[in-house]
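Encoded as structure tokens, the structure appears first; notes follow it.
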Amino acid sequence: MDTPDPARDLATTVDAVFVGALGRLANDGGPSAIDKRAVDDARWLDADGVAGDAQANRVHHGGPERALNHYPAEHYDAWRARYPGYDDAFVPGALGENISTRGFTEADVCVGDVFTLGEATMQIAQPRQPCWKPGTRIGIAGLARAIAAEGRAGWLYRVLEPGHIRAGDRLTRIERAAHGITLAELWALQGTRHPDTEQRRRLLTLAEQPSLAPEWRKRLANRARQAAERDRG
């Protein structure tokens, strides 16, 4: 009997694929494509993202390191519990994600993990860094801070092999990053006020991963350096 491959044990079905056109953000009036709608047809996914999905700010959204935005639907359960009265607001698609799933979260995946989805192959490039737009859209001040503080931010993929994707496709991990530091652990390390020696080592391990988006590599390296300098000083 073949030995099971642990990397391939992580799989789920994509419940929805979301795309958004450029419009005006309610309560703010600024340009945004965060108001996304589920689509049933197959959509082309490549380094520029999902066909039909616009980005208002290409500096902080979209691009090869942020081609596909994945948000675990489990987190909406937590947000509804934390913010009573917003049940209708906290539903898949509300935070501007491109794909919604149930089955695994940041506690199960690492930067550098490789997945197949439909015809496409993608690699986790970074955690999503939440901005102010979800909070403004939903009407909750400080939502972005809560998302980051709890590490319920989702993650972003780069596309290794383009192809068509659609709701109902199977999302399967085919390669797990050797460093084994999950996104949940990354957020915990990022938020530690005084990293100890082991935590600094893990920060540097992440910062040295070529699969991690450059801005995050720089951020984590600086975090480790500042902690080391504080200890020496």
Subset of the range 124-169 (residues that are over 11 Å from the mean Cα position of the chain (by Cα) and among the polar types (S, T, N, Q)): Thr136
Among residues of the range 35-64, those that are modelled with pLDDT of 75 or more, in contact with a Pro (Cβ under 7 Å, 6 or more places away or on another chain) and either part of a loop (DSSP other than H, G, I, E, B) or closer than 12 Å to Gly96 by Cα (or both), counted: 1
Residue in the range 20-30 that is within 26 Å of Asp169 (Cβ to Cβ), open to solvent by 30 Å² or more (accessible area, probe 1.4 Å) and modelled with pLDDT of 90 or more present: no
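Suppose we filter Thr121, Thr197, Thr172, Thr182 for residues that are at pLDDT 95 or above and over 21 Å from Arg66 (Cβ atoms); which single one remains?
Details: Thr121 fails: over 21 Å from Arg66 (Cβ atoms); Thr197 fails: at pLDDT 95 or above; Thr182 fails: over 21 Å from Arg66 (Cβ atoms).
After ruling out the rest, the residue left standing is Thr172.
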Residue under evaluation Ala184, criteria (1) out of contact with any strand residue (DSSP E or B) (no Cβ under 9 Å at 6 or more places or on another chain); (2) closer than 21 Å to Glu229 by Cβ, criterion not met: (2)
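Within 30 Å of Ala207 (Cβ to Cβ), at pLDDT 95 or above and more than 17 Å from the chain's Cα centre (by Cα): does that describe Ala107?
Details: within 30 Å of Ala207 (Cβ to Cβ): yes; at pLDDT 95 or above: yes; more than 17 Å from the chain's Cα centre (by Cα): no.
Taking the combined requirement at face value, the residue does not satisfy it.
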Any hit, the range 84-101, residues being touching a His at 6+ places or on another chain (Cβ under 7 Å), at pLDDT below 95 and hydrophobic (A, V, I, L, M, F, W, C): no
Condition met for Tyr71 (modelled with pLDDT of 95 or more, of a type in the set (Phe, Trp, Tyr) and out of contact with any Phe, Trp or Tyr (no Cβ under 7 Å at 6 or more places or on another chain)): yes
Residue that is nearest to Trp216 (Cα to Cα) [pool: residues in the range 122-139 that are open to solvent by 20 Å² or more (accessible area, probe 1.4 Å) and either assigned to a strand (DSSP E or B) or of a type in the set (Phe, Trp, Tyr) (or both)]: Gln123
Residue tally, condition out of contact with any strand residue (DSSP E or B) (no Cβ under 9 Å at 6 or more places or on another chain) and among the basic types (Lys, Arg), over the range 70-125: 2
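The values are calculated or read from the model by the stated rules, or taken from the named source; none is laboratory data. Just so we're clear, the structure is a prediction, and the values are computed from it rather than from any experiment. Heads up, the Cβs are rebuilt from the backbone with ideal geometry, glycines too, and the neighbour counts pull from every protein chain shown. Accessible surface is based on the protein model in full, side chains and every heavy atom, while ligands, DNA and RNA are left aside. Shrake-Rupley method; radii C 1.70, N 1.55, O 1.52, S 1.80 Å.
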